[in-house]
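The values are calculated or read from the model by the stated rules, or taken from the named source; none is laboratory data. Treat the numbers as computed from the prediction; the structure is a model and nothing was measured. Here Cβ is always computed from backbone atoms with ideal geometry, including for glycine, and neighbour counts include all displayed protein chains. Just so you know, the surface numbers come from the protein's heavy atoms only, side chains and all, with ligands and any DNA or RNA stripped out. Shrake-Rupley method; radii C 1.70, N 1.55, O 1.52, S 1.80 Å.
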Amino acid sequence: MDRLVKTLTERASEALALAQHISQAARAAETTHTYLDRQAHRQLTVDTTGAKRLRVDDGGFGGYIRLEQRGREVHLSAPDMNHDSAERLLHAGRFHCALTPAIAAERRDGKATAGGWENTSKRLDLSATVHDTDAMLRGLGDSLGADGTVGQLAITDILHEAVFAESGRDPSWSRNYGVEVGATAHSADTSRGITLTRYASTLDAIDLDGLGRELRLRLAATAGATRTWAPATATFTPTASAQILRNLVSTLLLNPLPPHVDMHAALVDEGRAPDAYHAQAFDCEGVATGRRELVSATGKQNHIATRLEHSSENMHEAPNCATGHARWDRTKNFPQMSATNVSLTANSDESDLLAGERHVVVDARSLGVEENRSGGHIAFRLMTVRAVDGRPVEPLAPITLNGTVGDFLAAIRHVGPTVTHYPGMFSVAGAYLEMYLPTVGGEGGMFDDIR
């Protein structure tokens with residue numbers, strides 16, 4: 001456990017030196033654009049027997065070089081880049097550049113400011129935190145009560161660093177740090193088990209009482225039920241709302257909204273959200289990130305764009321400059337258009353969304369293959385529990401809910417404050433929210449009888 005006293009090593013200076021070396025290695029007729037990033041993490045796992053395990057992963061830098069040469073260009077992928085491999089990449093790229101014409105019309109506006117940015121300077125003292133784990137386990141156990149027991153607690157701190165540099169410009173670096181707490185709970189008879197997480201920039205910002213409440217609701221819903229339900233409104237837990245939101249945004253980027261969607265909260269993408277997994281000062285093309293409403297509270301969609309593509313079907317609606325939404329895809333060896341950190345603007349208190357008798361959705365599992373959707377239609381299987389003031393009363397039989405992205409966005413009426421973010425190709429905020437279900441599915445849907 002000696003590594004507990006150490007913080008994760010910050011190595012942005014190493015990537016800056018490598019990027020400078022690449023720029024200096026370019027010939028007179030060449031321009032290089034270099035993006036490098038890495039992720040490192042430590043995870044402390046503790047169980048109720050007192051056993052502790054520590055795992056440390058101090059990842060190296062990888063990324064790409066975009067080499068431009070006399071009106072030609074090529075993206076050179078390097079999952080693990082160093083001085084020697086960069087030299088070899090440039091040598092190989094000089095041959096491939098002759099095969100690929102450079103993009104004629106680029107969205108070059110919006111380059112990130114030179115220098116550095118980080119979401120927080122605070123770091124987790126894991127050697128001190130290890131002494132608090134017994135109290136954390138007891139607190140989560142008290143939240144579960146007689147409904148179950150806590151089996152394991154995992155505390156992970158995560159460091160993400162990125163560097164962008166291009167010939168003739170000063171480089172930029174970005175650093176994102178956060179802490180994730182994951183808890184595993186089992187039913188009283190140990191026949192059922194679940195795991196939930198919370199994430200923020202610091203451990204103190206994580207609501208462990210809220211994690212325990214959601215654990216209890218989710219565990220109760222897994223007990224199995226035969227009674228069906230068709231309420232007009234349902235409350236979604238942070239995990240379930242994030243599942244909905246991730247699929248809505250993924251579909252929205254491929255299937256733009258029709259005009260005049262009746263919204264009650266704005267759908268926001270914030271590249272520098274400090275408590276988000278993918279908080280970063282710039283995207284993989286070196287374009288500054290910021291706050292952008294993907295869909296405003298009035299229902300207007302604002303499209304995103306990279307240097308090479310955009311989300312609009314209509315060129316007149318496409319942004320005239322890159323918006324900071326390019327993600328380097330190491331499997332496709334090419335920048336991809338993507339959201340960064342998405343959330344819904346809050347318009348209610350969390351306590352109001354749990355007050356009284358509620359049908360609470362604890363899991364919203366997507367049905368179907370995302371890449372094969374057509375027309376923006378999506379479907380979910382909802383796992384639900386009846387609760388009173390946030391305490392589970394009985395599990396209810398799952399239902400299937402399907403509709404367009406516009407249907408689901410219009411159905412969201414009340415949104416509580418963001419309590420956590422979840423990882424993925426883009427980060428998704430989790431918050432308690434209330435949805436008016438008859439809005440989803442259109443005419444002939446399962447809720448026609450209660451409209």
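Applying the condition of being in contact with a Ser or Thr (Cβ under 8 Å, 6 or more places away or on another chain) and part of a strand (DSSP E or B) to the stretch 284-300 and asking which residue is nearest to residue 117 (Cα to Cα) yields 288. Scanning the stretch 337-362 for residues that are of a type outside the set (Gly, Ala, Ser) and open to solvent by 30 Å² or more (accessible area, probe 1.4 Å) returns 337, 345, 347, 349, 350, 352, 357, 358, 359. How about the stretch 98-124: which of its residues are open to solvent by 80 Å² or more (accessible area, probe 1.4 Å) and modelled with pLDDT of 90 or more? Matches in the stretch 98-124: 121, 122.
When each of 94, 55, 66 is tested for being outside any loop (DSSP other than H, G, I, E, B) and open to solvent by less than 40 Å² (accessible area, probe 1.4 Å), the lone residue that passes is 66. For the stretch 150-201, filtered to residues that are in contact with a Gly (Cβ under 6 Å, 6 or more places away or on another chain) and under 18 Å from residue 9 (Cβ atoms), the residue that is surrounded by the most Cβ atoms within 10 Å (Cβ to Cβ) is 173. Strands (runs of 3 or more DSSP E) fully within the stretch 388-437 that include at least 1 residues being open to solvent by 40 Å² or more (accessible area, probe 1.4 Å), in contact with an Asp or Glu (Cβ under 7 Å, 6 or more places away or on another chain) and not acidic (Asp, Glu): 412-415. Cβ-Cβ distances below 6 Å connect the following pairs, each with a first residue in the stretch 76-87 that is within 14 Å of residue 17 (Cβ to Cβ), a second residue that is open to solvent by less than 80 Å² (accessible area, probe 1.4 Å), and a separation of six or more residues or different chains: 81/61; 81/62; 83/21; 86/22. Screening 262, 275 for residues that are open to solvent by 40 Å² or more (accessible area, probe 1.4 Å) and at pLDDT below 95 leaves exactly one candidate, 262.
Do we find a residue being over 22 Å from residue 179 (Cβ atoms), touching a residue at least 24 places away in the same chain (Cβ under 8 Å) and not in a strand (DSSP E or B) anywhere in the stretch 41-48? For the stretch 41-48, residues over 22 Å from residue 179 (Cβ atoms), touching a residue at least 24 places away in the same chain (Cβ under 8 Å) and not in a strand (DSSP E or B): absent. Quickly run through the stretch 182-218 and pick out the residues that are over 17 Å from residue 430 (Cα atoms) and part of a strand (DSSP E or B). Selection gives 184, 185, 186, 187, 193, 194. Does residue 144 count as under 30 Å from the mean Cα position of the chain (by Cα) and surrounded by 18 or more Cβ atoms within 10 Å (Cβ to Cβ)? Yes: the conditions hold for residue 144.
Of all the numbered requirements in (1) small (Gly, Ala, Ser); (2) touching a residue at least 60 places away in the same chain (Cβ under 8 Å); (3) open to solvent by less than 20 Å² (accessible area, probe 1.4 Å), residue 288 misses one, and that requirement is (3).
The rows are residues; the columns are (1) out of contact with any helix residue (DSSP H, G or I) (no Cβ under 7 Å at 6 or more places or on another chain); (2) part of a strand (DSSP E or B); (3) over 20 Å from residue 432 (Cα atoms).
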residue	(1), (2), (3)
263	no, no, no
276	yes, no, no
280	yes, no, yes
323	yes, no, yes
327	yes, yes, yes
335	yes, yes, yes
360	no, yes, no
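For residues that are among the small types (Gly, Ala, Ser) and closer than 25 Å to residue 140 by Cα, scanning just the stretch 205-234, find the one that is surrounded by the most Cβ atoms within 10 Å (Cβ to Cβ).
Of all residues in the stretch 205-234, those among the small types (Gly, Ala, Ser) come to 205, 210, 212, 220-221, 223-225, 230, 232, 234.
In the following step, the residues that additionally are closer than 25 Å to residue 140 by Cα were identified as 205, 210, 212, 220-221, 223-224.
Numbers: 205: 17, 210: 18, 212: 22, 220: 24, 221: 28, 223: 14, 224: 8.
This residue is 221.
Selection of first residues in the stretch 318-344 that are on the phi > 0 side of the Ramachandran plot and of second residues that are modelled with pLDDT of 90 or more and not aliphatic (A, V, I, L, M), restricted to Cβ pairs under 7 Å at least 6 apart or on distinct chains, gives the following pairs, ordered by first then second residue: 324/271; 324/282; 324/283; 324/289; 324/290; 333/75; 333/77. Exactly one residue out of 447, 426 is touching a Ser or Thr at 6+ places or on another chain (Cβ under 9 Å), farther than 30 Å from residue 39 by Cα and either of a type outside the set (A, V, I, L, M) or modelled with pLDDT of 95 or more (or both): that is 447.
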